[in-house]
Amino acid sequence: MKEITRISPDELARQQIYIDQIAEENAEYFARTGRRRLAYTHTYGCQQNVSDGERIDGMLAQMGYGRAESVEEADFILYNTCAVREGAEDRVYGNAGALKHLKNRNKELILAIAGCMVQQKSVADKLYKSFPYIDLVMGTHVLHRFPELLFRVMKEKQRVYELPESEGVVAEGLPVLRSDSIHAWLPIMNGCDNFCSYCIVPHVRGRERSRRPGDILREASDIVAAGYKEITLLGQNVNSYGKNLEGAPGFPDLLRSICGLEGDFRVRFMTSHPKDATPELFKAMAESPKAARHLHLPVQAGSDQILKAMNRKYTAEAYLEKIHQVRELMPDIALTSDIIVGFPGETEEDFEKTLELVKTVGFDSLFMFIYSKRKGTPAERMDDPIPAEEKSRWFSRLVALQDEIMEAKHRAAVGRTVRVLVDGTDPKTGRLTGKDSGVLRVRIEEAPESLMGQFAQVKLTSASRHWVDGVLV
Ligand code: SF4
């Protein structure tokens with residue numbers, strides 16, 4: 001079993017000293033100026049990055065920073081970056097460029113870039129060299145050392161560039177400032193060992209490493225005690241949870257334990273890799289009333305040739321067999337997935353197989369992407385003869401098919417009564433909205449504001465492509 005680097009309580013206590021020293025410095029600043037220092041943070045990308053961002057916000061709050069609503073009013077600015085899509089990187093370079101005038105205006109302003117994008121050495125070097133006014137560049141494996149790194153910038157007035165070679169660490173007990181009061185993200189593991197040929201994640205998030213079940217259960221019960229109504233368990237591949245833990249507790253057991261906690265809440269999880277999604281998992285979901293009736297199972301393509309080139313380690317037939325297994329146990333399960341269109345070497349015939357699979361499964365929702373080349377991935381070196389216009393044409397055909405499927409599913413839901421977690425408002429109609437145990441987005445007629453953050457029984461009365469409307473029961 002591979003040894004996981006766990007950050008020791010001593011190291012966390014050492015970081016706490018830096019937090020306290022910065023808090024003291026900020027308190028003195030407040031006493032001196034009557035103004036509280038403010039921090040602006042923005043996170044790009046996936047839920048795991050959002051969860052990291054909540055830990056950065058938690059540490060900043062303990063340091064005595066208030067929240068800035070805009071970069072203009074901030075004393076500290078941090079972009080928590082994503083490396084999965086090219087667009088995300090371009091936006092960070094653009095934003096970093098736009099910060100120059102703020103720094104010229106306020107020499108005390110501290111600028112920081114963190115996250116997956118800067119875990120790639122070539123990118124971190126480019127940022128460090130091209131943006132000399134960026135004070136702190138820190139990779140994903142040193143999140144827990146953020147206080148020390150910021151302290152060095154503040155005290156030693158020097159630029160800090162921290163990107164240690166590492167397979168990744170587990171740091172328990174970092175303060176968390178959650179970005180929502182109804183839904184809570186709960187990371188159970190980090191990293192990925194699958195090395196899909198198009199994906200940069202294993203290169204920037206390191207090897208799979210799981211938190212101990214006790215630590216996760218403690219955080220889950222704190223979340224429930226704090227009144228959250230929905231917990232989403234996070235991992236790049238939650239199904240390989242526990243592989244490197246003593247006694248290898250599996251994900252199905254962890255899910256059962258969390259659903260076994262006292263309280264009225266719902267549990268979701270993402271992301272599952274189809275090769276590791278087992279009948280035990282489906283059974284645990286079916287036997288846990290608090291487990292959402294939703295499985296996100298990214299298939300990526302319908303052609304075995306492309307799945308092989310993607311290094312996905314399953315065939316379309318094996319994937320469909322998993323769908324059959326889960327529907328046998330939970331006929332009402334909502335299924336969602338990810339599809340990449342235009343992977344290098346994909347032919348029209350391959351693409352037709354993707355359309356066929358989408359028709360066969362009938363997903364409740366699909367995240368659809370046109371292939372985006374990532375530097376440093378095996379797919380980057382693959383021949384890619386299909387022109388962009390052709391890929392866009394394929395993409396539009398897939399979107400049109402999925403819209404049809406979704407609209408039909410919405411129409412078929414009319415007449416049902418579902419339990420909705422009310423968590424939003426539709427700007428167009430002003431109606432309260434929420435999601436059922438699957439992924440149905442429901443608008444509720446004449447629902448009182450007091451229902452926000454509560455579960456409500458809703459009878460579905462009409463449907464459209466993007467919404468199902470209903471009345472309170
Ligand atoms: S399973 Fe594949 S796509 Fe998902 S994070 Fe791991 S390498 Fe990337």
task = Tell me the label-point distance for the pair L320, E156, using the 7 Å Cα-to-Cβ offset, in nm and rounded to one decimal.
result = 6.0
request  = Determine the gain in length on full extension of the stretch E24-K100; use 0.36 nm per residue of separation and subtract their C-alpha separation, reporting nm with one decimal.
outcome  = 24.5 nm
task = Would you work out if the stretch 81-158 is rounded, prolate or oblate? Take a ≥ b ≥ c from the square roots of the eigenvalues of the alpha-carbon gyration tensor; rounded if a/c is under 1.5, else prolate when a/b is larger than b/c, oblate otherwise.
result = oblate
request  = Show D383, D304, D222 ordered by accessible area, largest first, where the area counts protein heavy atoms only and the probe is 1.4 Å.
outcome  = D383, D222, D304
task = Among the aspartates and glutamates, select those whose C-alpha is under 18 Å from the C-alpha of K313, and discard any that sit fewer than 8 residues away in the same chain.
result = D193, E208, D276, D304, E321, D338, E346, D350
Kirkwood hydrodynamic radius of the stretch 25-107, Cα pairs, Å = 13.9
ask   = Per-residue accessible area for F195 at 1.4 Å probe radius, Å² rounded to 10?
value = 80
request  = Multiply the residue gap between L12 and L217 by 0.36 nm, knock off their C-alpha separation, and tell me the result in nm, one decimal place.
outcome  = 71.8 nm
ask   = Which whole-angstrom value gives the distance between the alpha carbon centres of the stretch 296-368 and the stretch 207-256?
value = 27
message = At 0.36 nm per residue, and after removing the present C-alpha to C-alpha distance, how many nm does the segment from D338 to S179 gain when stretched out fully?
response = 54.7 nm
message = Compute for the stretch 414-472: radius of gyration divided by Kirkwood radius, i.e. Rg/Rh, restricted to C-alpha atoms, rounded to two decimals.
response = 0.90
ask   = Using all Cα-Cα distances in the stretch 5-166, what percent lands in each 5 angstrom bin from 0 up to the longest?
value = 2, 9, 18, 23, 22, 15, 7, 3, 0
note = Label model pair V473, D264: point-to-point distance (7 angstrom along the Cα→beta-carbon line) in nm is 1.4
ask   = According to a simple spin-label model (label point 7 Å from Cα along Cα-to-Cβ), what is the distance in nm between K121 and M452?
value = 4.9
message = As a test question: what accessible area, to the nearest 10 Å², does S181 have when a 1.4 Å probe is rolled over all protein chains in place?
response = 90
Rg/Rh for the chain, where both radii come from Cα atoms and Rh is the Kirkwood radius = 0.97
task = For the stretch 170-412, just say rounded, prolate or oblate: build the C-alpha gyration tensor, square-root its eigenvalues into a ≥ b ≥ c, call rounded for a/c under 1.5, and beyond that prolate if a/b exceeds b/c, oblate if not.
result = prolate
message = Given the DSSP H assignment, sum -39500 (n - 2.57) over each helix run of at least 4 residues in the chain and divide by its residue total; what's the result at 222 nm in deg cm²/dmol, nearest 500?
response = -11500 deg cm²/dmol
inquiry  = Tell me the net charge near L102. Cut-off is 13 Å between Cβ atoms, L102 excluded, with +1 for each Lys or Arg and -1 for each Asp or Glu.
reply    = -1
key: Sequence ranges 207-220, 100-113, ranked by mean other-Cβ count within 10 angstrom, highest first   = 207-220, 100-113
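Would you mind working out the accessible area per residue for the chain, using a 1.4 Å probe, and quoting it in Å²?
Roughly 43 Å² per residue, with all protein chains present.
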note = For D364, the net charge from surrounding residues (Cβ-Cβ under 15 Å; K, R +1; D, E -1) works out to +4
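The values are calculated or read from the model by the stated rules, or taken from the named source; none is laboratory data. Small disclaimer: the values here were computed from a predicted structure and weren't measured. Every residue, glycine as well, gets a Cβ built from its backbone with ideal geometry; the counts of neighbours run over all protein chains shown. Just so you know, the surface numbers come from the protein's heavy atoms only, side chains and all, with ligands and any DNA or RNA stripped out. Shrake-Rupley method; radii C 1.70, N 1.55, O 1.52, S 1.80 Å.
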